[in-house]
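Here the structure is laid out as structure tokens; the discussion comes afterwards.
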Amino acid sequence: MMTLKNQTKLLFANQLEQMLINTPMDKIRVVDLCKRCGTIPQTFYYHFHDKYELVAWAFLKDFSSIYIDQDNNYSVESITENLVQMKRHQKFYQQTYTQRSQNSIRDYIQKFNQQTAIEAVESFSGKEITSKQMLQVKYHSYGMMGLFEEWISGKLSLSEKELATFQYEQTPDFLREAYQHYDFRKSIAFN
């Protein structure tokens, strides 16, 4: 059951997504978003620091919709489900991904991916992630983020399953093994 707090956040996310159909992210003002939602800016700022934090929340909402009820399931199927969920909001991700500000969603997801990998590896191995493993995590994450951006913008003609299969196969062995034992619900600070 969704709390009133999350219903309000979802209202903002849905209206932002609608605004992004015709307006670039950098042209959207919080005051205009609030008017569309029938709220005042104070309501928005009670929930979010800025519109970029709202975008990050929307990403976590999509991510958590796949992993919140699943135990330790890093697989082609779960990656595919995640891509299908993100494709439902294609215009949203196209618009927010092209934004290259200091608060870009691309940077947020990159940090999220890396932090999740660190937690998974350290939880599985019981040891601190090595510098070589960290470089492999970053290399993998940057590559997948670049492919995702091409795919979501329509420049990479792969199905969700094809991209998920490639991502799964290209995940470094140590990371794939750690992810298969990791409870992704730990990395979702979705509220």
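Throughout, read-outs are computed from the coordinates displayed, never taken from laboratory work. Bear in mind that the values here come from a model prediction, so they are computed numbers and not experimental data. Glycine gets a Cβ as well: all are built from the backbone with ideal geometry, and neighbour counts include every protein chain shown.
Using +1 on the beta carbon of Lys and Arg, -1 on that of Asp and Glu, and nothing else charged, what's the dipole of the chain about the Cα centre, debye to 20?
Details: 22 positive and 22 negative charges, 160 e Å.
With Lys and Arg at +1 and Asp and Glu at -1, about 760 debye.
Let me know the shape class of segment 56-143, please: from the alpha-carbon gyration tensor, a ≥ b ≥ c as square roots of the eigenvalues, rounded when a/c is under 1.5, otherwise prolate if a/b is greater than b/c, or oblate.
Values: a/c = 2.25, a/b = 1.31, b/c = 1.73.
Because a/c hits 1.5 or more and a/b fails to exceed b/c, segment 56-143 counts as oblate.
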Task: For the chain, with +1 on Lys and Arg beta carbons and -1 on Asp and Glu, the positive-most of GLN90, GLN133, ASN103 along the dipole - done: ASN103
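Below 19 Å Cα-Cα, how many Lys pairs turn up in segment 19-87? Only count pairs eight or more apart in sequence, or on different chains, if you could. Intermediate results must be reported in sequence, preceding the final value.
Working: LYS27/LYS35; LYS27/LYS51; LYS35/LYS51; LYS51/LYS61; LYS61/LYS87.
Counting lysine pairs in segment 19-87 gives 5.
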Open item on the list: In whole Å, what are the extents of segment 115-191 along the principal axes defined by its C-alpha atoms, from largest to smallest?
Closed with: 40, 33, 17
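As a check on your grasp of the helix formula, calculate [θ] at 222 nm for the chain: sum -39500 (n - 2.57) over DSSP H runs of n ≥ 4, divide by the residue count, round to the nearest 500.
Numbers: 10 runs with 130 residues, N = 191.
The helix-only estimate for the chain comes to -21500 deg cm²/dmol at 222 nm.
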Task: Hydrodynamic radius (Kirkwood) for the chain, which is based on Cα pairs only, to one decimal in Å - done: 17.6 Å
